[in-house]
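Chemist: Quick one: structure below, then a few questions.
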Amino acid sequence: MKIKYIIFTILALGFIGAAIGLKMFFKPHADINKLEVEFKVEATKLMDEFQKGENTATTKYSEKVLEISGKLVTKSKLKNGTDLLILEDDMQGVSCQLDSVWCAANQPAIQSLETGKPVTIKGICKGYLMEIKVSPAVVVK
Amino acid sequence: MLKKLFILVLLISSVGVFGQGKFIAKNAFISFYSSTPMEDILGESNEVVTILDAEKGEIIFQAIMTTFHFKRALMEEHFNENYMESSKFPKTKFKGTIEGFNKEMLKGPVANIKITGVLNVHGVDKTITVPGTLGLVDGKLVGTSKFKVTPEDFGIVIPSVVREKIGKEMEITVKTDYLPFGQ
């Protein structure tokens, strides 16, 4: 009787372990829409912080969810179809690659964006390479 | 305006390129791929910055490790946390020179080139010579390269438990469309 229980417990534990393992293995990418914003910041202020002290700004913002507001200066598509928005400065501004799943469902919102107008995006800050890289991102307004 | 100009000069000098005549790409593509019977691993970034100095034939590539995306979130996590240690070594960099460079290479059709330079991955420098192509496609300067690297050469330790799942060598693919800059 006791052996039966032990075998059952081992099997159950093995099953739970395998289920957790599989769940982790097939874990989906984080949905940027559902992530909580950690910093709300103006694009110009963010640029200033990175230009004045890259290391400090990288430690503060890298891999964090940011809500960034600024003037849209470039709206384009990369070769692989990814929508790209650049805020404030074409060369050294905030470069945001939009989330492809979000884009597929929100084409009208992207089409309505006009350069020269203010825009607010939410995305994960990746760091600084001539410009501030943000990806993936979604348009808030 | 002056401040902006100063910052721009500072930025350019920070990637080590001076002089007239440069080409730039801020959304160049780099992927690395490894295939084994167990699993294919493919990481791609479209956020690579590269500058080509049209006077000296110098090429610089820089990428932020966390911009590489994978099919599975777990692969991305392992890549950044276990192998690349991206919080410690956030960027990868290559600085090299095109062998036998002359300015005609930037004006003609796509031709084969060789680039020798230093690749820095995971904080480790290694001198490599890689094949590539460079030339005009529809009036735009386009560069490509494909070569293999071994993770262990860059001090990347892959535990024996998963060693079978990850190829001995990684195939690196580079594609970039350059735009004239500062000319």
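Chemist: From the C-alpha coordinates alone, can you work out the Kirkwood hydrodynamic radius of the range B:51-183, in Å?
Modeler: 16.3
Chemist: Let me spell out the model: positive unit charges on the Cβ of Lys and Arg, negative unit charges on the Cβ of Asp and Glu, origin at the Cα centre of chain B. What dipole size does that give, in debye rounded to 20?
Modeler: Dipole about the Cα centre, nearest 20: 540 debye.
Chemist: What helices does chain A hold that run 18 Å or longer along their axis, going by alpha-carbon atoms, with a Kyte-Doolittle average of -0.5 or more, using DSSP H for the helix calls?
Modeler: Span-like helices here: A:2-25.
Chemist: Write down the radius of gyration of the range A:68-141 and its Dmax, each obtained from C-alpha positions, in Å.
Modeler: 11.0, 31
Chemist: Could you go through the range B:74-80 in sequence order and give the Karplus-derived ³J(HN,Hα) for each residue, using 6.51 cos²θ - 1.76 cosθ + 1.60 with θ = phi - 60°, rounded to whole Hz, and x for Gly and Pro?
Modeler: Each residue's phi maps through the Karplus curve to give 5, 4, 4, 5, 4, 4, 6 Hz.
Chemist: Antiparallel as a % of all DSSP beta bridges within chain A, to the nearest 5?
Modeler: The antiparallel proportion sits near 75 percent.
Chemist: Where both partners of a DSSP beta bridge lie in chain B, what percent of those bridges are antiparallel, to the nearest 5?
Modeler: Given both bridge residues lie in chain B, the antiparallel proportion sits at roughly 100 percent.
Chemist: Test of understanding: express the Cα radius of gyration of the protein assembly as shown as a ratio to 2.2 N^0.38 Å, with N the residue count.
Modeler: Against the compact-globule rule of thumb, the ratio is 1.11.
Chemist: Using θ = phi - 60° and the Karplus form 6.51 cos²θ - 1.76 cosθ + 1.60, what ³J(HN,Hα) does each residue of the range A:71-80 get, whole Hz, x for Gly and Pro?
Modeler: 7, 6, 10, 9, 10, 8, 10, 7, 4, 7
Chemist: Ignore the peptide's own chain and count Cβ atoms of other chains within 10 Å of each Cβ in B:124-131; give me the average, rounded.
Modeler: Per residue, the average neighbour count from other chains is 0.
Chemist: Return the sequence-ordered ³J(HN,Hα) values of the range B:108-120 in whole Hz as given by the Karplus equation 6.51 cos²θ - 1.76 cosθ + 1.60 applied to θ = phi - 60°, using x for Gly and Pro.
Modeler: x, x, 4, 9, 6, 9, 10, 10, 10, x, 9, 9, 10
Chemist: I need to check one value: relative contact order of chain B, counting alpha carbon pairs closer than 8 Å and at least 6 residues apart, in percent.
Modeler: 24
Chemist: I've got another one for you. By count of other Cβ within 10 Å, fewest leading, how are B:75, A:47, B:38 ordered?
Modeler: Ordered from fewest to most neighbouring Cβ atoms within 10 Å, B:75, A:47, B:38 come out as B:38, B:75, A:47.
Chemist: Oh, and also: Give, as a single signed number, the net charge of other residues whose beta carbon lies under 12 Å from the beta carbon of residue B:22, with Lys and Arg counted +1 and Asp and Glu -1.
Modeler: So the environment of residue B:22 carries a net charge of -2.
Chemist: How far, in degrees from 0 to 90, does helix B:2-14 lean away from the longest principal axis of the Cα atoms of chain B, to the nearest 10?
Modeler: Helix B:2-14 sits roughly 50 degrees off the main axis of chain B.
Chemist: What does the charge add up to near residue B:176, with Lys and Arg as +1, Asp and Glu as -1, over the other residues with Cβ less than 14 Å from its Cβ?
Modeler: Counting the neighbours of residue B:176, the net charge comes to +3.
Chemist: Let me ask something else. Which far-off residues, 5 or more places away or on another chain, put their amide H under 5 Å from the one on residue A:74, with H placed in the peptide plane?
Modeler: It is A:86, by chain and number.
Chemist: Using only helices, what value at 222 nm comes out for the protein assembly as shown when you add -39,500 (n - 2.57) per DSSP H run of length 4 or more and divide by the total residues, to the nearest 500 deg cm²/dmol?
Modeler: One gets -7000 deg cm²/dmol as the mean residue ellipticity at 222 nm.
Chemist: Going out from 0 in 10 Å bins, what whole percent of all Cα-Cα distances in chain A drops into each bin?
Modeler: Bin by bin from 0 Å, the calculated values are 11, 36, 23, 10, 8, 7, 4, 0.
Every read-out reported here was derived from the displayed coordinates using simple, explicitly stated rules and does not represent laboratory data. Everything quoted here is computed from the prediction, not taken from an experiment. When we count neighbours, we look across all protein chains shown, and the Cβ atoms used for this are built from the backbone with ideal geometry, even at glycine.
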